[in-house]
Amino acid sequence: DDEIPWVLGTQLNEDAGPLGRVDGGKVLMVESHGFARRKPYHAQKLTLVFSAMRCFRDRLSDEGYDVVYRKGESFAEALGAFFDDYPDTTPVVMRSPSYGSADGLRDVAREAGGEVRVVENELFVSTREAFDSWADSTESDAFRHETFYRWMRRRSGVLMDGDEPEGGDWNYDDQNREYPPEGWGSPDEPSFEHGEIVDETADMVAEGFETWGKAVDASGFPWPVTREQALDALSVFVSERLGTFGSYQDAMVSDDWSVSHSLLGSSINLGLLHPVEVIEGIEETYREGDAPINSAEGAIRQILGWRDFMRHVYRHSMPELATANRLDAEHDLPELYWTGETDMECLRSTVEDVRERGYSHHIQRLMVLANFATLWGVVPEELNRWFHATYVDAYHWVTTPNVIEMGMYGSGVFATKPYVSSANYIDEMSDYCGSCPYHKTKDTGEDACPFNALYWDFLDRNEDELRSNHRMSLMYGHVDDKRGSGEMEDIHERVEELRRMEEDGVL
Ligand code: FAD
């Protein structure tokens, strides 16, 4: 049998996997539309994935590869046609990080009348084997991010000064929480000249799919679809934005959707950029004196640490993680996540960002969208489905640990406490509250910020799970006070009222 590389839509990288080991010859790519009909995906996400695949196809063809590009409703249908034409050929494909992908790919090939060979995914920094053997041998808890991150720093040598962390500390998290001064604007986001492929694909998406969010139009499309564009985005990040990334990493600014974030997630998750080259670009900028340590460490922690960590957490805790719900949350996701219609300025503004570009930055995801859903008591799987559909960088392997565990405290694999807050945190880290009709300091009464009553109600109703957590003890002191003073009853009433308002679409 002839073996040829099969490149999945999230593996658009010439140097990795089976494609990285050939120089010319046949390459298989399959554009399957069926998966894109399972959810109301953001129009820009579908346009991004299909355009990036088509650009990659053309690039390989220009370089002399013989690309067999098959479109079909399902993988099985497209592969069936492929095996009819090339009966003695075995596609070799990197596994996708999503659950059960190796078995799934083999089954689909068999159904289509052929075989595939599935090999390791090379688009992460660490391998499955390396993590698993370290996790088995280490005496510390491998499923604590900080432990994992230090292991990754030591073994990669990234931001190390001999055996010591660069600058003396492993983590400069306490220097990642500043708010930009009045009048500060983030450095310009990268912008791209997109060609015909994006236009044609956007038309196909508009005509053939039920989507959510703003479609790609003449006003521009902020996401790289080619390797060159992704490299431009990396260069804009390290040279223009990295300097302020560290200090303002947690800040939320209404009329500044990107603050100093890298905007590289979609490119890394599609394979257009390898995480190692992004880490190297950041470290080099720091070594040349062009970015401070709190920025370099902060950005590297996300990619070398969190991104790989999430993949291993997911591998080890699926399939249970997808439906985990240890706080027994039972509410549906409020409609306002889809409509953006709410008077709460933080949620309105964030949902608007997501509709506009399929993106909001990390703190909006964690402390606005996931925080509110957790306090409201949304079934974690429902919020996961929403994130998966609406973000340009979302895939099941990365949304599931981020949403269900980190955002909603759904399973207890690695989170040591829920990331929940009242209006206080949002006010400290954003400018939303200033233009919001709700009052950030009030718990109850008609114009009280919903986050406040929901926060106390959340702690009250989840006492059995949370009270014994020493990181929550201060907060339970306040819960006791509110119970003693009778305030807790007013809070429960306010929450009932908020639920009625949500049903009536007037929250
Ligand atoms: P930056 O803030 O500039 O960070 C740099 C890079 O670090 C990112 O591009 C990404 O590759 C990596 N990174 C940072 N944090 C994480 C993390 N927690 N997990 C994995 N990688 C990380 N990330 C996704 O890639 N897809 C998602 O669908 C996604 N959904 C999320 C949902 C919730 C509720 C939360 C709390 C986080 C989610 N994240 C997700 C992680 C993170 O928020 C995004 O990776 C980041 O906001 C992407 O924007 P950026 O490229 O500007 O990242």
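Here are some conditions: (1) farther than 30 Å from ARG287 by Cβ; (2) in contact (Cβ under 8 Å) with a residue 60 or more places away in the chain; (3) of a type in the set (A, V, I, L, M). VAL158 meets all but one. Which one does it not meet?
(1)
Go through LEU263, LEU327, LEU347, LEU333 for me and flag whichever is open to solvent by less than 10 Å² (accessible area, probe 1.4 Å) and touching a residue at least 24 places away in the same chain (Cβ under 8 Å). Walk me through how you get there before you give the answer.
Details: LEU263 fails: open to solvent by less than 10 Å² (accessible area, probe 1.4 Å); LEU327 fails: open to solvent by less than 10 Å² (accessible area, probe 1.4 Å); LEU333 fails: open to solvent by less than 10 Å² (accessible area, probe 1.4 Å).
Sole residue among the options that is open to solvent by less than 10 Å² (accessible area, probe 1.4 Å) and touching a residue at least 24 places away in the same chain (Cβ under 8 Å): LEU347.
State all residues of region 37-56 that are charged (D, E, K, R) and over 13 Å from ALA202 (Cβ atoms); if no residue qualifies, say none.
ARG37, ARG38, LYS39
If you check LEU459 against the conditions, is it touching a Leu at 6+ places or on another chain (Cβ under 9 Å), away from the ligand (no atom under 16 Å from the Cβ), modelled with pLDDT of 95 or more and more than 18 Å from PRO334 (Cα to Cα)? Steps first, answer last, please.
Working: touching a Leu at 6+ places or on another chain (Cβ under 9 Å): yes; away from the ligand (no atom under 16 Å from the Cβ): yes; modelled with pLDDT of 95 or more: yes; more than 18 Å from PRO334 (Cα to Cα): yes.
In short, yes.
Within region 69-108, restricting attention to residues that are of a type in the set (Gly, Ala, Ser), in contact with a strand residue (DSSP E or B) (Cβ under 8 Å, 6 or more places away or on another chain) and open to solvent by 30 Å² or more (accessible area, probe 1.4 Å), which residue is farthest from SER317 (Cα to Cα)?
Across region 69-108, the extreme among qualifying residues is ALA81.
With (1) within 14 Å of the ligand (Cβ to nearest atom); (2) open to solvent by 20 Å² or more (accessible area, probe 1.4 Å) as the list, and PHE192 as the residue in question, which single condition is left unmet?
For PHE192, the exception is condition (1).
Which of the following residues is within 15 Å of the ligand (Cβ to nearest atom), touching a Pro at 6+ places or on another chain (Cβ under 7 Å) and basic (Lys, Arg): ARG365, ARG301, ARG315, ARG311? Lay out the reasoning, then the answer.
Numbers: ARG365 fails: touching a Pro at 6+ places or on another chain (Cβ under 7 Å); ARG301 fails: touching a Pro at 6+ places or on another chain (Cβ under 7 Å); ARG315 fails: touching a Pro at 6+ places or on another chain (Cβ under 7 Å).
Sole residue among the options that is within 15 Å of the ligand (Cβ to nearest atom), touching a Pro at 6+ places or on another chain (Cβ under 7 Å) and basic (Lys, Arg): ARG311.
Identify the single condition in (1) surrounded by fewer than 19 Cβ atoms within 10 Å (Cβ to Cβ); (2) within 27 Å of ARG38 (Cα to Cα) that ALA202 does not satisfy, given that it satisfies every other one.
(1)
Given the conditions (1) in a loop (DSSP other than H, G, I, E, B); (2) buried (at least 20 other Cβ atoms within 10 Å of the Cβ); (3) small (Gly, Ala, Ser), and given that GLY412 satisfies all but one, which numbered condition is not satisfied?
(2)
If I filter region 405-422 for residues that are within 28 Å of GLU496 (Cβ to Cβ) and more than 14 Å from the ligand (Cβ to nearest atom), do I get at least one hit?
First, the residues of region 405-422 that are within 28 Å of GLU496 (Cβ to Cβ): 407-410, 417-422.
After this cut, where a residue has to be more than 14 Å from the ligand (Cβ to nearest atom) as well, the list is 417, 422.
Taking every residue of region 405-422 in turn, at least one turns out to be within 28 Å of GLU496 (Cβ to Cβ) and more than 14 Å from the ligand (Cβ to nearest atom).
Given the condition under 11 Å from the mean Cα position of the chain (by Cα), under 25 Å from ILE268 (Cβ atoms), within 11 Å of the ligand (Cβ to nearest atom) and in a loop (DSSP other than H, G, I, E, B), answer yes or no: does some residue in region 375-388 qualify? If you could, list the steps in order and put the result at the bottom.
Taking region 375-388 as the starting set, the residues that turn out to be under 11 Å from the mean Cα position of the chain (by Cα) are 384, 387-388.
Next, only the ones that are under 25 Å from ILE268 (Cβ atoms) stay: 384, 387-388.
Filter once more, so that each one left must be within 11 Å of the ligand (Cβ to nearest atom): 384, 387-388.
Applying the additional criterion that residues be in a loop (DSSP other than H, G, I, E, B) yields none.
So far as region 375-388 goes, no, none of its residues is under 11 Å from the mean Cα position of the chain (by Cα), under 25 Å from ILE268 (Cβ atoms), within 11 Å of the ligand (Cβ to nearest atom) and in a loop (DSSP other than H, G, I, E, B).
Quick one: in region 245-289, which of the residues that are within 30 Å of SER96 (Cα to Cα) and among the β-branched types (Val, Ile, Thr) is farthest from the ligand (Cβ to nearest atom)?
It comes out as VAL276.
The values are calculated or read from the model by the stated rules, or taken from the named source; none is laboratory data. Just so it is clear, the structure is predicted and the values come from calculations on it, not from any experiment. For neighbour counting, all protein chains shown are included, and Cβ atoms are generated from backbone atoms with ideal geometry for every residue, glycine included. What goes into the accessible areas is simple: the full protein's heavy atoms, side chains included, and nothing from ligands, DNA or RNA. Shrake-Rupley method; radii C 1.70, N 1.55, O 1.52, S 1.80 Å.
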